[in-house]
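Below: the structure, in structure tokens.
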Amino acid sequence: ETYDGVIQVADSKNLERALTIALQLSEMDVPFVLDLNMEDEALNRGIAVDTEGLSETLGVEVVSTVATRRKGIDSLRRADFAKTNYSTSLDYGEKIEGAVARVLPLLPQTKISRRSIALMLLSGDRSLFQWLGDRMAAADLEKINTIRREVEGQFTEPVGYILNRKRLKVAQDVMALNVQRVEVKQKSLSRFLGNVSMHPVYGIPFVLAILYLTYLFVGVLGAGTFVNFLESVVFG
């Protein structure tokens, strides 16, 4: 399909997974903007992301947002897809890269990079074969299948697993450069409750008290008082 660009909305608390997807978008040669949403929840967990550093590392514009409060939405609207200048490239090793080089000349031109399609085919993405069947000769498609089988035979692990492991390693390296752990100032009450609940002695009566209060709320108030009120007053 035609598009101007892609906005990848990521969970700031789960940046590792988000970056593996960002790396795949980079491989596809798709102009995109990385939106790190839920910035407040990440900070509450002590996760601070250097958006400028991350932008420089990935070669794309990075914006922080808190969607529920509409924080950063204006910056996201002004984001420029034209700033995309990928600076992170992945090398999957001689065997896989050699197979990619053999597949590339067989593939038709598309709106995403042929390299990304070659990697998806080598990883066993069967959904692409039907799509390619309408765009290329059956003989070329069979050649790709042969190359894929040859590559699979050279590894004891699935090719898709090897590709994802490499992306995950690069994502972790990117995080090491651009993510810091900061001290979270907890409120005195939450700190007190946290310490009591984790205490090896006081934790046991604490959890029993919580269970008893839960029983009073659900079993007595909910199932008893409220149900009796509904039966005798509302429907009585």
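General observations
- In segment 162-169, the count of residues that are surrounded by 12 or more Cβ atoms within 10 Å (Cβ to Cβ), in contact with a Gly (Cβ under 9 Å, 6 or more places away or on another chain) and outside any loop (DSSP other than H, G, I, E, B) is one or more.
- Scoring L43 on the criteria (1) open to solvent by 50 Å² or more (accessible area, probe 1.4 Å); (2) farther than 25 Å from K185 by Cβ leaves a single failure, condition (2).
- Residue within segment 142-160 that is in a helix (DSSP H, G or I), open to solvent by 50 Å² or more (accessible area, probe 1.4 Å) and in contact with a Leu (Cβ under 9 Å, 6 or more places away or on another chain) present: yes
- Listed by first and then second residue, the pairs with beta-carbon distance under 9 Å, at least 6 apart or on different chains, first residue in segment 123-139 and open to solvent by 40 Å² or more (accessible area, probe 1.4 Å), second of a type in the set (S, T, N, Q) and modelled with pLDDT of 85 or more, are S123/N164; R135/T110.
- In segment 97-121, the residues that are surrounded by 13 or more Cβ atoms within 10 Å (Cβ to Cβ), in a loop (DSSP other than H, G, I, E, B) and either modelled with pLDDT of 95 or more or in contact with an Asp or Glu (Cβ under 9 Å, 6 or more places away or on another chain) (or both): L107, I112, S113
- Subset of segment 52-88 [under 19 Å from A171 (Cα atoms) and free of Cβ contacts under 8 Å to residues at least 24 places away in the same chain]: E52, S55
- Inside segment 173-229, residues that are open to solvent by 100 Å² or more (accessible area, probe 1.4 Å) and assigned to a loop (DSSP other than H, G, I, E, B) make up a count of 6.
- In segment 80-94, the qualifying residues are those that are in a helix (DSSP H, G or I) and surrounded by fewer than 14 Cβ atoms within 10 Å (Cβ to Cβ), and the one that is modelled with the lowest pLDDT is K83.
The values are calculated or read from the model by the stated rules, or taken from the named source; none is laboratory data. Please read all numbers here as calculations on a predicted model, not as lab measurements. Virtual Cβ from ideal backbone geometry, glycine too; neighbours counted across all protein chains shown. For accessibility, only protein heavy atoms count, side chains too; no ligands or nucleic acids. Shrake-Rupley method; radii C 1.70, N 1.55, O 1.52, S 1.80 Å.
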